[in-house]
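The block underneath contains the structure these notes are about, expressed in structure tokens.
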Amino acid sequence: MKGMKRKRKTIMLLPFIGPALLLNIAIVLVPSVATVVLAFFEWSGLDIPRFVGIKNFVTVLTESLFLRAVAHNIVWTAIFLTVPIAMGLLGAELLRRTKRELFQPIYFFPVILPVVVIGLIWRYIYHPTRGLGKILGVSLLGQPSTALFAIAFANIWAWWGFLCAVFYSATQGIPHDLYEAATLDGATGWQEFRYITLPQILPTLTFMEVMTIIWSFQVFDWIWVTTQGGPAGATELLATLLYKRAFYAYKMGEASAIGVCISLFGLAGVGLYYYLARRGAEI
Amino acid sequence: MTKNFRSGGLFSQIILLLFALYSFFPLYIALSASLKSRADLFANPLGLPKELYFTNYVQAFEVGNLKQAFFNSGLLAAGAVLGVLLTAIPAAYALAKIPFRGSSFLVGYYFFCTTIPAQLFIIPLYLAFSRFCLTNSLFGLILIYIAIFSPFAILLMRSYFMNIPNELLEAALIDGASMLQAFWRIVFPVARPGVITTVVIVAMWSWNNFLLPLTFLNQERVMPVTVRLGMLMGRWSAAWELIMASAILGALPVALLFAFLHRRFIAGLAGTGLKG
């Protein structure tokens, strides 16, 4: 009797959750699992896959190209954990104080633009014989020492407004009397931020830091629409390396191994962040 | 100065203004470049145009064959929006209002899905799609968009559905309305802001996506605007006024959407919706 009732409930639920879940399983879940499996095979995508054990991982992990890409991803993560977050916090705190909400859509506008469009705009700005590049006299995207930072700079432009909006939205939940009490006590602006705003939005801040780590290991578009990994591999990230390995070199197994590494690095970064945050809290 | 800073005074407002100028500056560069003649642009790369060359836009649209690309992008966005609404609204409703075993697991799973990189599934998916002749097909790409955007849509709309009082639903059900009728008459009107937010964000994500059409569509007839724009550099390597005009045209639909509905964008992407 109870079993029948449960069965009926399942049947009733299916039209609600079924379509979305089925599509998700077919397009996201099964292929994701398949990538992990494929990482242990050698396959061009055309011939018959051959099991090779951990060979793909050994190949990519000992490759200098891969190690450089990891280093670039770590630099990228470090930049995005600090610079745009600080800008977002500053913007949010000033918006909270001044109530000038009309600035918010202005800061947010670059966030919604297609990356390829922003890439073209900044390529023009950086162009050595045009735009700002002409005045600066250097090709910021063209020389290996600056290219990655130049792309990150463009990405920050189109990213910090998102963080600003997230943090500002979090400050809207802080009880007003906290600030009123602080004003009565004669707290400075910095003290207000440090002892009220920051602790109050800490969960949001932590969440954004964790997401930053995950997102930083997935970056593809920004590189692809500016340098495609060049010059001389100076902007090669894991995601661009994977793309070239899969769709230019047709080494599906090695590319899958890189894909698994991207996910693991994201997870490891999150784990490390929580570990450090907990140690920080204990101290 | 400390006093000014504290009371949201002049100093704070100047910083906010500088942030606004910083946000605006690259857009100004692109806009002014797109309106200059080639000679004007070369002589004067950063200043205001001497005269406005709107013909750049016409030329960019025609020479770049953007018409087909716009049609493709529009179709992809419309298909994705429709598909996400059809699959995510019922799922979000069930997860908000029908208690069942595994429902919190499913919510957690969908949250997990919003963090999965496309790189994790793109290779087997590509190989499978090419076997089933779903590459170079807008329909095939729409299926992928629905699958990857619906977890976000489900979580977002679920948070709106949860605000609907159960008594309201129960009253309707007692009155003899079916589940579906109750949904359309009571739930949908209350959840409208969530639905609009979903529509604009999914439309924007579909329009802007680059990696997936780059991978799954490589024939010119099916390419969306983003992929076409990515190919412009090689084609017009010196004609920056045309490249900038094309870039602005490519951003125009999302920019217009944002101009009218920026509150929805900001609430949906930066509000509490993302965190389920």
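The values are calculated or read from the model by the stated rules, or taken from the named source; none is laboratory data. Keep in mind it's a predicted model, so treat the numbers as computed, not measured. Note: ideal-geometry Cβ built from the backbone for every residue, glycine included; neighbour counts use all protein chains shown.
For the reader, a short list of remarks on this structure follows.
Yes or no, residue by residue, for (1) at pLDDT below 90; (2) surrounded by 16 or more Cβ atoms within 10 Å (Cβ to Cβ); (3) closer than 24 Å to A:Phe193 by Cα:
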{"site": "B:Phe5", "(1), (2), (3)": "yes, yes, yes"}
{"site": "B:Gly8", "(1), (2), (3)": "yes, yes, yes"}
{"site": "B:Gln13", "(1), (2), (3)": "no, yes, yes"}
{"site": "B:Leu16", "(1), (2), (3)": "no, yes, yes"}
{"site": "B:Pro26", "(1), (2), (3)": "no, yes, no"}
{"site": "B:Ser37", "(1), (2), (3)": "yes, yes, no"}
{"site": "B:Asn44", "(1), (2), (3)": "yes, no, no"}
{"site": "B:Lys50", "(1), (2), (3)": "yes, no, no"}
{"site": "B:Val63", "(1), (2), (3)": "yes, no, no"}
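- Each residue in the stretch A:122-137 was checked for being assigned to a helix (DSSP H, G or I) and either over 20 Å from A:Trp222 (Cβ atoms) or more than 21 Å from the chain's Cα centre (by Cα) (or both), and 10 of them qualify.
- Exclusive hit being within 25 Å of B:Thr226 (Cα to Cα) and not assigned by TED's automatic domain parsing to the domain that holds B:Phe161, set B:Val81, B:Val58: B:Val58
- Here A:Leu95 meets the list (1) surrounded by fewer than 14 Cβ atoms within 10 Å (Cβ to Cβ); (2) within 14 Å of chain B (Cβ to nearest Cβ); (3) among the aliphatic types (A, V, I, L, M) almost entirely, failing just condition (1).
- Matching residues, the stretch A:33-56, being exposed (fewer than 14 other Cβ atoms within 10 Å of the Cβ), farther than 17 Å from B:Ile122 by Cα and either among the hydrophobic types (A, V, I, L, M, F, W, C) or away from every other protein chain (no Cβ under 13 Å) (or both): A:Ile48, A:Arg50, A:Phe51, A:Gly53, A:Ile54
- The conditions of being in the same structural domain as B:Thr226 (by TED's automatic domain parsing), hydrophobic (A, V, I, L, M, F, W, C), exposed (fewer than 14 other Cβ atoms within 10 Å of the Cβ) and more than 22 Å from B:Pro213 (Cβ to Cβ) are not met by B:Phe100.
- The listed residues are B:Ser237, B:Ser246, and the only one of them that is of a type in the set (Ser, Thr, Tyr) and either more than 9 Å from chain A (Cβ to nearest Cβ) or surrounded by fewer than 23 Cβ atoms within 10 Å (Cβ to Cβ) (or both) turns out to be B:Ser237.
- The criterion of being in the same structural domain as A:Leu148 (by TED's automatic domain parsing), in contact (Cβ under 8 Å) with a residue 60 or more places away in the chain and small (Gly, Ala, Ser) does not hold for A:Ala239.
- Listed by position, the helices (runs of 4 or more DSSP H) contained in the stretch A:174-283 that have at least 3 residues being farther than 16 Å from A:Leu81 by Cα are A:176-184, A:189-192, A:221-224, A:238-247, A:252-282.
- Scanning the stretch A:124-169 for residues that are closer than 27 Å to B:Arg38 by Cα, surrounded by fewer than 18 Cβ atoms within 10 Å (Cβ to Cβ) and out of contact with any Leu (no Cβ under 8 Å at 6 or more places or on another chain) returns A:Pro128, A:Thr129, A:Lys134, A:Leu136, A:Gly137, A:Val138, A:Ser139, A:Gly142, A:Gln143.
- The stretch B:215-228, residues that are more than 17 Å from the chain's Cα centre (by Cα) and either surrounded by fewer than 20 Cβ atoms within 10 Å (Cβ to Cβ) or within 10 Å of chain A (Cβ to nearest Cβ) (or both): B:Thr215, B:Asn218, B:Gln219, B:Glu220, B:Arg221, B:Arg228
- Residue list for the stretch B:115-153, filter: facing chain A (nearest Cβ under 8 Å) and not in a helix (DSSP H, G or I): B:Thr115, B:Ile116, B:Pro117, B:Phe121
- Any chance A:Val210 is buried (at least 22 other Cβ atoms within 10 Å of the Cβ), touching a helix residue (DSSP H, G or I) at 6+ places or on another chain (Cβ under 9 Å) and more than 8 Å from chain B (Cβ to nearest Cβ): no
- Of the candidates A:Leu141, A:Leu148, the single residue that is assigned by TED's automatic domain parsing to the domain that holds A:Phe103 and either under 24 Å from B:Ser32 (Cα atoms) or part of a loop (DSSP other than H, G, I, E, B) (or both) is A:Leu141.
- A:Gln191 meets each of the listed conditions (1) over 13 Å from A:Leu89 (Cα atoms); (2) more than 10 Å from every other protein chain (Cβ to nearest Cβ) apart from (2).
- Contacts under 8 angstrom Cβ, first residue in the stretch A:92-108 being outside the structural domain of A:Val166 (by TED's automatic domain parsing) and under 21 Å from A:Gln200 (Cα atoms), partner assigned to a helix (DSSP H, G or I) and among the basic types (Lys, Arg), 6 or more apart: none
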